[in-house]
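Here's the structure we're looking at; comments come further down.
The values are calculated or read from the model by the stated rules, or taken from the named source; none is laboratory data. Since this is a predicted model, take the numbers as computed values, not measurements. In this analysis, Cβ positions are derived from the backbone assuming ideal geometry, glycine residues included, and neighbour counts consider all displayed protein chains.
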């Protein structure tokens, strides 16, 4: 039946079950079916007797190991994380492969000597995108854990080739920081990598070695920006381990000299660009562009502040004449006249509560819609963006 020679030595196995786990036991050829409890419908598997001295040469030398292979084999489609829609290569793996097994196979396929420089990211079956966080070094027991997403099993993994081993990288914190030069239009994104116990001050000191400053003694600050509003100025002593750059934009900038010596009646206020839309008979304010701080002085009128804003933003006269200025509190604009004393509207001395009140610049959003390369979930970025690693 099998085409073997009549004197071929064979081994017999009973396949007891295949699910949820393979159970396959060797049968003693010297016993009867009754003694072995073999009945109608039972499955008997047979194979040639493998040579003892050559058994290690075979990946699956016997029936039980072959059935385990059939049950757990999994073709995985690997994609580069920076190009998540492009399939790069496929590997036939086992769902029981350990973390080390998987990265070793990937490294071999890529011709990489050190598998620890491979970092994998799982696939989100619902969004059809990479999960936000990569798989940590040896944090899963096997390939199946990498592929399971809720009740679904994916066949996609994303990979990166790191410049240092992943265990070393996990002891570090990498932050994407957009540096805004005091006078240049271009925003430059830097990846700052430091030990997790480092502080914001350490980040800014590292950034100073990578950027061009307006003068050697310039001081920097780090801001948290979201939906075109400034929500936080990070204290220099704050630890970076828990700072999230996945959802917030981290912006570094020079501190203007006028902000360093605020008088007792000066105010540091938030200034945001906005447009208005009417939906279902309700007015809605939408912010856009780059928010910034501005020092206002007691007794200063709007016309004086407008001159400083125009100079800061370098807006041509014809365009600037169309802009409207408003005091916004809880999303409601109160339009200002040139003779209004702006400081009377801002009685808070701290710069937090940005969502509560700010000076709004109403004008059309004519800037090109740019994808914020550091994070695909971010919105328009007015300045051109350059990325340095």
### Query
Do we have residue 194 as within 24 Å of residue 257 (Cβ to Cβ), at pLDDT 95 or above and within 22 Å of the chain's Cα centre (by Cα) here?
no
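Every residue, every condition in (1) within 27 Å of the chain's Cα centre (by Cα); (2) outside any loop (DSSP other than H, G, I, E, B), yes or no:
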{"residue": "65", "(1), (2)": "no, yes"}
{"residue": "68", "(1), (2)": "no, yes"}
{"residue": "75", "(1), (2)": "yes, yes"}
{"residue": "78", "(1), (2)": "yes, yes"}
{"residue": "86", "(1), (2)": "yes, no"}
{"residue": "90", "(1), (2)": "yes, yes"}
{"residue": "101", "(1), (2)": "yes, yes"}
{"residue": "108", "(1), (2)": "yes, yes"}
### Unique match (being surrounded by 15 or more Cβ atoms within 10 Å (Cβ to Cβ) and within 19 Å of residue 20 (Cα to Cα)) among 117, 105, 95
95
### Query
Does residue 260 count as under 30 Å from residue 80 (Cα atoms), in the same structural domain as residue 362 (by TED's automatic domain parsing) and over 22 Å from the mean Cα position of the chain (by Cα)?
no
### Task
Kindly list the number of the only condition in (1) under 25 Å from residue 88 (Cβ atoms); (2) not assigned by TED's automatic domain parsing to the domain that holds residue 287 that fails for residue 191.
(2)
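Let's see how each residue does on (1) closer than 27 Å to residue 199 by Cβ; (2) out of contact with any helix residue (DSSP H, G or I) (no Cβ under 9 Å at 6 or more places or on another chain); (3) without any contact (Cβ under 8 Å) to a residue 24 or more places away in the chain; (4) surrounded by 16 or more Cβ atoms within 10 Å (Cβ to Cβ):
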{"position": "254", "(1), (2), (3), (4)": "yes, yes, no, yes"}
{"position": "258", "(1), (2), (3), (4)": "yes, yes, no, no"}
{"position": "264", "(1), (2), (3), (4)": "no, yes, yes, no"}
{"position": "274", "(1), (2), (3), (4)": "no, yes, no, yes"}
{"position": "303", "(1), (2), (3), (4)": "no, yes, no, no"}
{"position": "309", "(1), (2), (3), (4)": "no, no, no, yes"}
### Selected residue (only one of 374, 354 is closer than 14 Å to residue 271 by Cβ and modelled with pLDDT under 75)
354
### Task
Would you be able to tell me the number of residues in the stretch 197-235 that are out of contact with any strand residue (DSSP E or B) (no Cβ under 8 Å at 6 or more places or on another chain) and either modelled with pLDDT of 95 or more or on the phi > 0 side of the Ramachandran plot (or both)?
3
